[in-house]
Amino acid sequence: MRILVVEDELDLQNQVKRVLLEAGYSVDVASDGEEGEFLGDTEPYDAVVLDLGLPKVDGITVLKHWRQNARDMPVLILTARESWNEKVSGFDAGADDYLTKPFHMEELLARVRAIIRRSAGHASPLLECGPVSLDTTTGKVTINGEGITLTAHELKVLSYFMHHQGRVVSQTELIEHIYDQDFDRDSNTIEVFIARLRKKLLPDLIKTHRGRGYSMAPVE
Ligand code: CA
């Protein structure tokens, strides 16, 4: 899962980035509204953390532009103060959730997990596919109740499939959602991760659709 953080306070931006990286997300950052809007328009994100008070273009305007351009990724806004009208403007502009500064990083993580899950159509934090389950709050993977150890990248790939069961995911989509923009992307590694997941979990857990991509669980 790949997240964009738009925040001009660099200490906070670094802190949020670090916490998200540690939680297993890929993270891109922007320090003003213009750069943030551009990234959100051109790169696919699973969620955005958007500060409202930003240089160049303010967060509400950025969010409105995204929604006008049919960019529908879930957005968590950061409001600087207990200001009810800022929250109302944020939701009316298309925000999915908000956090008031200062906040605890645990709460940010919980809210990010929830908006990603909800936008993929899952209400429960426990995602299941046949005998395989992923607890999105802990990153713990089990098969028939037995814990399985995955590497960070294997977990990223599995998590993307678990969130998007029942549809074909192209290799490009997968690459765009598990690596940040600075990562040296190599499509061969995707095949390696999928082979390892099949070996560690189930041989037929992830199906290959020739020329189209991969899917988890039945696809019409
Ligand atoms: Ca700010």
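Give me the percent relative contact order of region 1-143, please, defined on Cα pairs under 8 angstrom at least 6 residues apart. Could you put the intermediate results ahead of the total?
Working: 236 pairs, mean separation 25.4, N = 143.
This gives 18 percent for region 1-143.
What the phi angles of region 110-122 give under the Karplus curve with 6.51, -1.76 and 1.60, with θ = phi - 60°, is a coupling list of 5, 5, 5, 4, 5, 6, 5, 4, 4, 5, 8, x, 10 Hz, glycine and proline written as x. Projected over every direction and averaged, the convex hull enclosing the alpha-carbon atoms of the chain yields 12.2 nm². Seen against the Cα atoms of the chain and their longest principal axis, helix 84-93 is set at about 50 degrees. Here the chain is assigned +1 on the Cβ of each Lys and Arg and -1 on the Cβ of each Asp and Glu. Its dipole about the Cα centre then comes out at about 1020 debye. The fewest-to-most ranking of 88, 112 by surrounding Cβ atoms within 10 Å reads 88, 112. For the chain, take the longest principal axis of its alpha carbons; what is the angle in degrees between that and the long axis of helix 152-163, to the nearest 10 within 0 to 90? Taking Cα atoms only, the helix is inclined about 90 degrees. Amide H to amide H, with H built 1.01 Å from N, residue 79 comes under 5 Å of 99, 100, 101, counting only residues 5 or more places away or on other chains. Using a cut-off of 13 Å between beta-carbons, work out the net charge of the residues near residue 147 (Lys and Arg +1, Asp and Glu -1, residue 147 not included). Surrounding charge for residue 147 is 0. Looking at region 161-220, which trypsin sites (Lys or Arg not before Pro) are DSSP coil and have at most 16 other C-beta atoms within 10 Å of their C-beta? Passing both the DSSP loop test and the Cβ count: 167, 185, 210, 212. Between residue 181 and residue 167, the simple spin-label model (points 7 angstrom out along Cα→Cβ) gives 2.4 nm. Compactness of region 126-216, taken as the C-alpha radius of gyration over 2.2 N^0.38 Å, stands at 1.02. The aspartates and glutamates whose alpha-carbon is closer than 16 Å to the alpha-carbon of residue 140, local same-chain residues fewer than 8 away aside, are 22, 128, 154. For the Cα atoms of the chain, what angle does the longest principal axis make with the long axis of helix 59-68, in degrees from 0 to 90, nearest 10? For helix 59-68, the angle is close to 50 degrees.
Of 17/64; 17/101; 87/156, which pairs sit farther than 26 Å apart, going by alpha carbon to alpha carbon?
Numbers: 17/64 24 Å; 17/101 16 Å; 87/156 32 Å.
Check vs 26 Å cut-off fails for 87/156.
Backbone geometry of region 191-207 corresponds, through the Karplus equation with coefficients 6.51, -1.76 and 1.60 at θ = phi - 60°, to 3J(HN,Hα) couplings of 4, 5, 4, 5, 4, 5, 5, 4, 6, 6, 10, 9, x, 9, 5, 10, 8 Hz, x marking Gly and Pro.
Read-outs throughout are calculated quantities, based only on the coordinates presented, and are distinct from any laboratory measurement. Since the model is a prediction, treat every value here as computed from it, not as a measurement. Glycine gets a Cβ as well: all are built from the backbone with ideal geometry, and neighbour counts include every protein chain shown.
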